[in-house]
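Have a look at the structure below, then the notes.
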Amino acid sequence: MNDPDITIPKGSGIYSLLLELKKEICITVGALGDIKFPAGYYSYTGSARGGGGFSRIRRHLDVAAGHNPTRRWHIDYLLPHTIPIGVVLTHTDQDLECQISKTIGSHTETIHRFGSSDCSCTGHLHMEKDIEKLVRIVTNAHDIKGLFKNFIPFNNHVRYIGAL
């Protein structure tokens, strides 16, 4: 999915990438080994506070579309099997990745150890069967007083943006 109509804003902060997995799949995820992923909707929360900032999201989209074969992070193994459907961004220089991920995880099913090899979180990938519920949970988790957030849908698949 290298869609020129999708504009990823400049800047840096924390993001939650929203994905759809149409059917259950078992894949090998680097050192984590084999993981069974049920069909449903997923939120992957990551940091884009380093060099390149939110351009990391474009990289994720390229991996999902098969344009980038590099498998550096856990999410890189799952992305080619999914349909990216949107992203929620919080513009910040604060280290809020784990706080946002834990908030999402308190309302969804967490994929244990996924995306959290550099922290003590249970996981940074979360699953929910209902896309509208997941969008509400994720946008609410990013709703941090004083910080700018936005939701960018990647296609008309996501109709619910009322949480903003």
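Residues of the stretch 51-104 that are within 23 Å of Thr28 (Cα to Cα), more than 12 Å from the chain's Cα centre (by Cα) and of a type in the set (Asp, Glu): Asp62 alone. Applying the criterion of being touching an Asp or Glu at 6+ places or on another chain (Cβ under 8 Å) and of a type outside the set (A, V, I, L, M, F, W, C) to the residues of the stretch 15-36, the residue that is nearest to Ile137 (Cα to Cα) is Lys36. Just one of the listed residues (Gly11, Gly46, Gly30) is in contact with a helix residue (DSSP H, G or I) (Cβ under 8 Å, 6 or more places away or on another chain) and on the phi > 0 side of the Ramachandran plot, namely Gly30. Taking the criterion of being at pLDDT below 95 and surrounded by 16 or more Cβ atoms within 10 Å (Cβ to Cβ), the residues of the stretch 65-82 that qualify are Asn68, Trp73. For Leu19, the criteria (1) over 18 Å from Leu134 (Cα atoms); (2) buried (at least 21 other Cβ atoms within 10 Å of the Cβ) hold in every case but one, which is (1). For the stretch 70-115, the set of residues classified as without any contact (Cβ under 8 Å) to a residue 60 or more places away in the chain, in contact with a helix residue (DSSP H, G or I) (Cβ under 8 Å, 6 or more places away or on another chain) and part of a loop (DSSP other than H, G, I, E, B) consists of Thr70, Arg71, His107, listed by residue number. For the stretch 107-129, the set of residues classified as out of contact with any strand residue (DSSP E or B) (no Cβ under 8 Å at 6 or more places or on another chain) and crowded, with 19+ Cβ neighbours inside 10 Å consists of Ser116, Cys121, listed by residue number.
Is it true that Ile83 is in contact with a Lys or Arg (Cβ under 9 Å, 6 or more places away or on another chain), β-branched (Val, Ile, Thr) and under 25 Å from Thr110 (Cα atoms)? Working first, answer last.
Values: in contact with a Lys or Arg (Cβ under 9 Å, 6 or more places away or on another chain): yes; β-branched (Val, Ile, Thr): yes; under 25 Å from Thr110 (Cα atoms): yes.
Judged against the criteria, Ile83 is a match.
A single entry from Ile57, Ile85, Ile27, Ile104 fulfils the requirement of being touching a strand residue (DSSP E or B) at 6+ places or on another chain (Cβ under 9 Å), surrounded by fewer than 18 Cβ atoms within 10 Å (Cβ to Cβ) and not acidic (Asp, Glu): Ile27. In this structure, does Ile27 turn out to be in a strand (DSSP E or B) and farther than 19 Å from Thr122 by Cα? So Ile27 passes the test. Annotation: of all residues in the stretch 130-149 being surrounded by fewer than 20 Cβ atoms within 10 Å (Cβ to Cβ) and in a loop (DSSP other than H, G, I, E, B), the one that is modelled with the lowest pLDDT is Gly146.
The values are calculated or read from the model by the stated rules, or taken from the named source; none is laboratory data. Just so we're clear, the structure is a prediction, and the values are computed from it rather than from any experiment. Note: ideal-geometry Cβ built from the backbone for every residue, glycine included; neighbour counts use all protein chains shown.
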